[in-house]
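Asker: I'd like to ask you about the structure that follows.
The values are calculated or read from the model by the stated rules, or taken from the named source; none is laboratory data. Since the structure is predicted, the reported quantities are computational estimates derived from the model, not experimental observations. A quick note on method: Cβ atoms are made from the backbone with ideal geometry, for glycine too, and the neighbour counts reach across all protein chains shown. We work out accessible area using only protein heavy atoms, side chains counted, and drop any ligands, DNA or RNA first. Shrake-Rupley method; radii C 1.70, N 1.55, O 1.52, S 1.80 Å.
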Number of protein chains: 2
Amino acid sequence: MTPDSQSSADRMPTIRDIAEIAGVATSTVSRALSNPQRVNARTREKIERIASELHYVPSSQARGLSSGRTGVIAVLVPDITNPFFFDIIRGTQHQLKASGYTQLLVDTEEATDVELDTLRKLRRSTDGAVLAASRLTDQQLADTALRQPLVTINRATADAPTVLIDTPSAVVQALEHLASFGHKSVVYAAGPTSSWSNHRRWKAIEEAAAKRGMTAMRIGPYAPTAFSGAAAADAALSTGATAMIAFNDLLAIGMLQRFHERGVRVPLDVSIVGCDDMFGSDFCNPPLTTIASPVEQAGRVAVSMLMAQLDPIHGGTPRKLAVMPTHLKIRASTGPARG
Amino acid sequence: MTPDSQSSADRMPTIRDIAEIAGVATSTVSRALSNPQRVNARTREKIERIASELHYVPSSQARGLSSGRTGVIAVLVPDITNPFFFDIIRGTQHQLKASGYTQLLVDTEEATDVELDTLRKLRRSTDGAVLAASRLTDQQLADTALRQPLVTINRATADAPTVLIDTPSAVVQALEHLASFGHKSVVYAAGPTSSWSNHRRWKAIEEAAAKRGMTAMRIGPYAPTAFSGAAAADAALSTGATAMIAFNDLLAIGMLQRFHERGVRVPLDVSIVGCDDMFGSDFCNPPLTTIASPVEQAGRVAVSMLMAQLDPIHGGTPRKLAVMPTHLKIRASTGPARG
DNA sequence: AAACCGATGGCAATCGCTTGCCGTTGGTTT
DNA sequence: AAACCAACGGCAAGCGATTGCCATCGGTTT
C-alpha cells in the first residue's frame with residue numbers, strides 16, 4: 001500500500017464538491033450535468049470541467065431515489081445457458097447501452113414463479129423490463145403490465161408491446177421443403193407447455209401439414225435442452241415418421257447426437273429441422289437445417305419499443321407489435337425421404 | 001383498465017406506511033426487517049406480517065444510499081457471446097443469488113478502456129466486481145483493486161484474489177497425447193495478446209514441447225472467435241505441423257470448419273486440440289479433443305472469495321488464490337500423425 | 001434499597017441528487 | 001420610459017432507507 005492509498009480511496013466526489021469549487025449551488029451543478037440546456041453555457045462548461053477533473057461519477061442510487069428513474073432495465077430470459085437467448089441478450093445490451101441504460105440480466109430458470117417474483121422485486125429498482133419467451137399466463141402478464149413498463153419477445157399479449165419472431169411462416173417453408181423431398185409424415189418434438197411459441201409452432205405445422213396432405217404428429221413436451229434430445233429422438237423414431245421438426249435447435253442437436261449413437265443416419269434415414277439457428281447449428285454434425293431469424297435485432301427492437309413507452313414524447317409512435325421475418329436455412333440435416 | 005387500476009398502481013409502500021400501521025417508528029421497522037435480533041420478537045413478527053400484507057419491497061436505492069452497500073456485484077466478461085463465459089456467468093449468478101446479491105453483467109468487448117471505464121462508473125453502484133479474463137494491465141488492475149473489492153478469474157495478480165483454471169498442466173497432457181500419436185511438431189494458434197491465459201498457455205506448450213523434443217510453433221494472434229478460425233487454419237497448415245492447439249474451442253471450431261471446406265481431414269491429416277470444453281465442442285464435427293475444466297465452479301468460487309472479502313468476519317479465511325483442476329478430454333479431433 | 005444494566009424503541013441526521021418555486025438580471029416590446 | 005419577459009441560479013423540500021445516540025423500563029447485582 002502506498003502512503004496515500006487512504007486519501008485517494010477517500011471518498012467519491014459529489015455534486016456538492018463540484019458546487020463548492022465552482023462557486024455555485026448544487027442545484028446548478030445538477031442541472032448542468034443532467035439538463036444542460038437549462039444552464040448558461042459558460043457555467044456549464046466550467047462545471048463540466050471541474051467534474052471531469054474530479055473524476056466525478058453521479059450516484060445512480062441518489063439519482064434514482066430523487067428522480068424516480070433508475071436507468072436500469074431488466075431483461076428476463078428463461079435459461080441463460082440457451083444460446084438462443086445469447087443473441088437476444090446481446091441485442092438488448094447494445095440497444096440499452098446506446099440509450100444510456102443499464103441492463104440487468106435475470107435467469108428465470110423456466111419457472112413461472114421465479115419470473116413473477118423477480119418482476120415484483122425489481123419493480124422498484126428498474127424502469128421497465130423485457131420479457132423474452134415469458135412463461136407467465138395471460139392474466140399474470142396483464143397484471144404485471146399494469147404495474148410496470150413491459151415489452152415481451154415471442155409472447156403475444158394485448159397488454160404489452162410485443163416483438164414476434166415469425167416462425168410460423170417459415171414453418172410452412174420447412175414443410176414444403178420436406179414435402180419436396182418426398183416426406184409424407186412429420187413429427188414435431190414439442191417444447192415446454194408453458195411456452196407460447198411452442199403452441200404457435202405446433203399450430204402452424206398442423207395446419208400446413210393438413211393443407212399438403214401430410215401427416216403431422218406431436219411428441220413431448222421436452223425441456224429445450226440438448227440433453228432432452230435423446231428422449232425426443234427415440235420417441236420420434238418410434239412414430240415411424242421420416243421427417244422431424246424440433247421445437248428448437250438445442251433439442252434438434254440433442255436428437256442428432258442420439259441418432260448418431262444409435263446409428264441412424266441423418267439425412268439418409270431421417271430428416272430433421274431445427275428452429276432458431278442458434279450458435280452451433282452451423283457446425284454440428286450434420287449441420288442443421290433450421291429456421292433462422294434476426295434474433296439479435298429482435299432484442300434491439302424490443303428495447304426501442306420499451307424506450308418509446310418510457311418516453312412517449314421522443315419515442316415516436318409507440319408500436320404495439322413488431323414482427324421479425326424468418327426464413328428456412330437449408331443445411332445438411334434434411335434430404336430425400338427413404339425409399 | 002379496471003376502475004381501481006389507478007389506486008393499486010398508486011405508490012409502493014414504504015417503511016413509513018408500515019410504521020404507521022404498526023404504530024412504531026420507521027427506525028424500528030428498518031431494524032425489524034434488516035437486523036431482526038435488534039428488536040423484540042413480538043414487534044418484529046407484527047412488522048413482518050404487515051410488511052408482507054402490503055407486499056412491501058425495500059428500495060434498494062434508498063438502502064444503498066444510506067448504508068453504502070448496494071447489494072450488486074458486477075461481473076465483467078470480455079465477450080458475452082463466447083460460450084466459455086456462459087458457464088462462468090451461470091456460476092457467478094447462482095452463487096450471487098444464494099448470497100442475496102444481484103448480478104450486473106457487463107460485456108467489455110475485449111477492450112481495455114471499456115473495462116476500465118465500466119469499473120470506474122460502477123464503483124459507486126456496486127459492492128465489488130468479478131473480472132473474468134481481464135484485459136487490464138498489472139498496473140491498472142492494481143489501481144482498481146485499491147479502490148474496490150475485486151476477484152479475477154484467469155488473470156493472476158498480487159493485488160486481488162484470483163481463481164485460476166489450471167490449463168497449463170493439462171496442456172502437458174495434451175502434448176503427451178499428441179506425442180503418443182507420433183506427432184513431432186505442434187503449432188499454437190494464439191489468442192488476444194492482452195489475454196493473460198494466452199501467454200500462459202503458450203509458455204506451457206513451449207516448455208512441454210521442448211521437454212519432449214517436439215517442435216512448437218506459434219501463429220497469431222487471432223480473435224477468439226470461430227470466424228478467425230479460417231485464418232488460423234490456413235496459417236497453421238502452412239507451417240507444416242501435423243498437430244495444432246488452439247487458444248480456445250471457438251477458434252478450434254472455426255479451424256475445423258475451414259479444414260472441412262478445404263478438404264483437409266481431421267484427424268487423418270491434422271490433429272487439433274481446443275481449450276475450454278465449451279458448449280458445442282461435443283457436437284461439432286468431429287467432436288473436439290479439448291482441455292476441460294469446471295468453469296461454472298470457477299465462477300462460484302470467485303464469488304465466494306469476493307464475499308469473504310466483503311465480509312471478513314463470516315467469510316472465513318479469505319483465500320487469495322484458487323486453482324481449478326483441468327483435464328484433457330479426448331474426443332475425435334486427434335489421431336495418429338500422418339505418414 | 002441504591003446503583004446498574006441489557007434490551008428495546010424513538011429521534012433526527014444523513015446519504016447524494018432532483019426539482020418546484022421564486023428572485024434577479026439584462027434585454028425587448030410598446 | 002414603463003411594463004414585460006426569458007434566461008439563469010439559488011433555496012429548500014423531499015426521495016426511502018440506515019444508524020448513532022439517547023431515553024425508558026423491568027430486572028439484577030451488591
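Asker: Using packing as a proxy for protection, rank A:103-112, B:260-269, A:273-282 so that the peptide with the highest average count of other Cβ atoms within 10 Å comes first.
Answerer: A:273-282, A:103-112, B:260-269
Asker: Related question: Just the accessible area per residue of the stretch A:167-293, please: how many Å² with a 1.4 Å probe?
Answerer: Counting only protein heavy atoms, the per-residue value for the stretch A:167-293 is 35 Å².
Asker: Would you mind checking which residues have amide H under 5 Å from B:Tyr222's amide H? H placed 1.01 Å from N; only 5 or more apart, or other chain.
Answerer: Correct list: B:Ala190, B:Gly191.
Asker: Suppose we look only past 13 Å in the calculated P(r) of the stretch B:5-58. What percent of the Cα-Cα pairs does that tail hold?
Answerer: Looking at the stretch B:5-58, the distances longer than 13 Å represent 54 percent of pairs.
Asker: A further question on this structure: Taking the simple approach of a point 7 Å from Cα along Cα-to-Cβ for both B:Lys121 and A:Arg338, what is their distance in nm?
Answerer: 5.6 nm
Asker: Tell me, what HN-Hα J-couplings in whole Hz come from the Karplus equation 6.51 cos²θ - 1.76 cosθ + 1.60 at θ = phi - 60° for each residue of the stretch B:238-246, using x for Gly and Pro?
Answerer: With coefficients 6.51, -1.76 and 1.60, one gets 6, 7, x, 5, 9, 10, 9, 10, 9 Hz.
Asker: Along Cα→Cβ, 7 Å out, is where each label goes; now give me the distance between the ones at A:Ala62 and A:Ala158 in nm to one decimal.
Answerer: 4.7 nm
Asker: Please compute the Cα-Cα pair-distance distribution of the protein assembly as shown with 10 Å bins starting at 0, giving whole percents from short to long.
Answerer: Final binned percentages: 3, 14, 21, 24, 20, 12, 6, 1, 0.
Asker: Normalised by the number of residues in the stretch A:36-142, what is the relative contact order in percent for Cα pairs under 8 Å and 6+ residues apart?
Answerer: That works out to 32 percent.
Asker: Need one value for A:280-288: mean number of C-beta atoms belonging to other chains within 10 Å of its residues' C-beta atoms.
Answerer: The per-residue average across the peptide is 5.
Asker: Residues with amide H under 5 Å of A:Thr289's amide H, sequence separation 5 or more or different chain, H placed in the peptide plane at 1.01 Å from N; which?
Answerer: Those lying under 5 Å, H to H, from A:Thr289 are A:Gly274, A:Arg331, A:Ala332, A:Ser333, A:Thr334.
Asker: Can you tell me, using C-alpha contacts under 8 Å and at least 6 residues apart, the relative contact order of the stretch B:5-58 as a whole percent?
Answerer: The normalised contact order for the stretch B:5-58 reaches 40 percent.
Asker: Quick check: at a probe of 1.4 Å, how many percent of the accessible area of the protein assembly as shown sits on carbon and sulfur atoms?
Answerer: Carbon with sulfur: 52 percent of the solvent-accessible area.
Asker: Pairs of Cα atoms under 8 Å, at least six residues apart: use those to get the relative contact order of chain B, whole percent.
Answerer: 16 percent
Asker: Let me ask something else. With r defined as the distance between the Cβ atoms of A:Asp311 and B:Phe181 and R0 fixed at 45 Å, what FRET efficiency is calculated, to the nearest 0.05?
Answerer: My answer for the efficiency is 0.10.
Asker: Another question about this same structure. Protein chains only, probe 1.4 Å: how do A:Arg155, A:Arg212 rank by accessible area, largest first?
Answerer: These residues rank, largest area first, as A:Arg212, A:Arg155.
Asker: Give or take rounding to whole Å, what are the principal axis extents of the alpha carbon atoms in the stretch B:167-293, in descending order?
Answerer: The Cα atoms of the stretch B:167-293 stretch 35, 31, 25 Å along their principal axes.
Asker: Counting only other chains, and only Cβ atoms inside 10 Å, what mean value do you get across the residues of B:100-107?
Answerer: That average works out to 4.
Asker: For the pairs A:Lys46/B:Lys121; B:Lys121/B:Lys320; A:Lys121/A:Lys203, note any where the Cα-Cα span goes beyond 30 Å.
Answerer: Checking Cα-Cα distances, A:Lys121/A:Lys203 exceed 30 Å.
Asker: Something else: In angstroms, what radius of gyration and Dmax does chain B have, counting Cα atoms only?
Answerer: Expressed in Å, the Cα Rg and Dmax of chain B come to 25.6, 88.
Asker: What is the interface area between chains B and A, defined as buried accessible area summed over both chains with a 1.4 Å probe, reported in Å² to the nearest 100?
Answerer: In total, chains B and A hide about 4400 Å² from solvent.
Asker: Tell me, what ³J(HN,Hα) does each residue in the stretch A:274-286 have, in order and in whole Hz, if you take phi through Karplus 6.51 cos²θ - 1.76 cosθ + 1.60 with θ = phi - 60° and put x for Gly and Pro?
Answerer: Values per residue, Gly and Pro as x: x, 8, 2, 6, 7, 3, x, 5, 8, 10, 7, 10, x Hz.
Asker: Sticking with this structure for a sec: When you take every Cα atom in the stretch B:226-338, what is the radius of gyration, and what is Dmax, the widest Cα pair distance, in Å?
Answerer: Answer for the stretch B:226-338, Rg first and Dmax second: 18.3, 61 Å.
Asker: Report the Cα-based extents of the stretch A:1-125 along its three principal axes, largest first, to the nearest Å.
Answerer: Computed over the stretch A:1-125, the largest-to-smallest principal extents equal 55, 44, 25 Å.
Asker: Suppose accessible area is computed on protein heavy atoms with a 1.4 Å probe; arrange B:Ser67, A:Ser59 from highest to lowest.
Answerer: Reading off the accessible areas and sorting them downward yields B:Ser67, A:Ser59.
Asker: Counting only residues 5 or more places away or on other chains, whose amide H sits under 5 Å from the amide H of B:Met324 once H atoms are built in the peptide plane?
Answerer: Here the answer is B:Leu164, B:Ile165, B:Asp166, since their amide H atoms fall under 5 Å of that of B:Met324.
Asker: While we're here: Compute the orientation-averaged projected area for the stretch B:116-192 from the convex hull of its Cα atoms and round it to one decimal in nm².
Answerer: If I average the Cα hull's projected area over directions, I get 6.3 nm².
Asker: Please turn the phi angles of the stretch B:171-177 into ³J(HN,Hα) values with the Karplus equation 6.51 cos²θ - 1.76 cosθ + 1.60 (θ = phi - 60°), one per residue in order, whole Hz, x for glycine and proline.
Answerer: Whole-Hz 3J(HN,Hα) from phi for the stretch B:171-177: 4, 4, 4, 4, 5, 4, 4.
Asker: In addition: Restricting to DSSP H runs of at least four residues, report the calculated mean residue ellipticity at 222 nm for the protein assembly as shown, -39500 (n - 2.57) per run over all residues, nearest 500 deg cm²/dmol.
Answerer: Per the formula, -13500 deg cm²/dmol.
Asker: A follow-up question, please. Give me a single rounded figure for A:57-65: the average over its residues of other chain Cβ atoms within 10 Å of their Cβ.
Answerer: The shielding value for this peptide is 6.
Asker: Any idea what % of Cα-Cα pairs in the stretch A:62-166 are farther than 16 Å?
Answerer: Summing the P(r) tail past 16 Å for the stretch A:62-166 gives 55 percent.
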